[in-house]
């Protein structure tokens, strides 16, 4: 597992002139950057939506490509999960009361990458006019396989940290999502622009993990004593 050591800290000019970081801001730093890809183009393959007439009708017969390697403009990688390997000491808080939503929409899972807290509810919603099922291939947690009727909703949660748990649909085998069950909230998922951002960090040294379902995992060591901007990562490789 490659590791990169990046001692990077960006301080506000006002704080430098004042001789330090104001106490009110001492535990509210952020890490942000962009994740990109360099190498041979990653292949995307057509999904067999015609295996279910309901799925095919949603797209009007148009071709739909796989979503496991979405590379955008400038090599920006979508769906990279970025998280702290260990939470900062003294930052533990309660499990969020609000549920995280995982949708079956257009015969695809949305979002494809999901971060939740231990014991946080996941609201699994079938927005499609067809039957799905939800199979969670958990190991540290109890795996489950439940039916999901058209326009139906299920609530599930996981009792132990585990990353990642693959969630699939046996009815439509191209459907997949990955759930990271976390003991903290210091994580982010890149969008189509490849950008991530993690807020609310106290000063300290951290291991930042970048995970992608096809490109693997990278670990970056970073020292935080102010906002860290432009902590970019490049995945290199070919199929």
Using only Cα atoms, locate the centre of region 190-239 and the centre of region 54-84, then give the distance between them in Å, rounded to an integer.
21
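For region 64-127, just say rounded, prolate or oblate: build the C-alpha gyration tensor, square-root its eigenvalues into a ≥ b ≥ c, call rounded for a/c under 1.5, and beyond that prolate if a/b exceeds b/c, oblate if not. Spell out each step's value before the answer.
Values: a/c = 4.07, a/b = 1.34, b/c = 3.03.
It is oblate, given that a/c is not under 1.5 and a/b is not larger than b/c.
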log10 of Debye I(q)/I(0), alpha-carbon scatterers only, for region 151-239 at 0.13, 0.18, 0.24 Å⁻¹:
-0.61, -1.05, -1.47
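Using just the helices of the chain, give the 222 nm mean residue ellipticity in deg cm²/dmol: DSSP H runs with n ≥ 4 each add -39,500 (n - 2.57), and the total is spread over all residues, rounded to 500. Please list the in-between numbers first.
On the way: 2 runs with 11 residues, N = 239.
Helix contribution divided over all residues of the chain: -1000 deg cm²/dmol.
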What share of the DSSP beta bridges in region 93-183 is antiparallel, in percent to the nearest 5?
65
Restricting attention to the alpha-carbon atoms of region 93-183, what are Rg (one decimal) and Dmax (integer), both in Å?
12.3, 39
Two-decimal Rg to Rh for the chain - Kirkwood Rh, Cα set
1.02
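Kindly put 122, 77 in sequence by how many other C-beta atoms sit within 10 Å of each C-beta, fewest to most.
Working: 122 21, 77 25.
Ascending Cβ contact count within 10 Å gives the list 122, 77.
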Label-to-label distance, nm, for residues given as residue 219 and residue 140 (7 Å Cα→Cβ offset)
1.4
Choice from 39, 152, 106 with maximal GNM fluctuation in the chain (Cα, 10 Å cutoff):
39
Residue span residue 150 to residue 63: 0.36 nm per residue of separation minus Cα-Cα distance leaves a gain in nm of 29.0 nm
For region 44-133, share of DSSP beta bridges that run antiparallel, in % to the nearest 5
50
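Can you put 205, 157 in order, fewest other beta carbons within 10 Å first?
205, 157
Indicate, rounded to the nearest 5 percent, the antiparallel portion of the DSSP beta bridges found entirely in the chain. Could you put the intermediate results ahead of the total?
Details: 44 of 64 bridges.
The antiparallel proportion sits near 70 percent.
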So what is the relative contact order of region 93-183, in percent, for Cα pairs below 8 Å that sit 6 or more residues apart?
31
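Listing 44, 67 from the residue with the fewest other Cβ atoms within 10 Å to the one with the most, what is the order?
Working: 44 14, 67 18.
The most exposed by this proxy come first: 44, 67.
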Note down the relative contact order for the chain as a percent, whole number, built from C-alpha pairs under 8 angstrom at least six residues apart.
34
The relative contact order of region 29-126, taking Cα pairs under 8 Å that sit 6 or more residues apart, comes to a percentage of 23
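Each reported figure results from applying straightforward, stated rules to the coordinates on display, with no laboratory input. In this text, all values refer to a predicted model and were calculated from it rather than measured experimentally. A quick note on method: Cβ atoms are made from the backbone with ideal geometry, for glycine too, and the neighbour counts reach across all protein chains shown.
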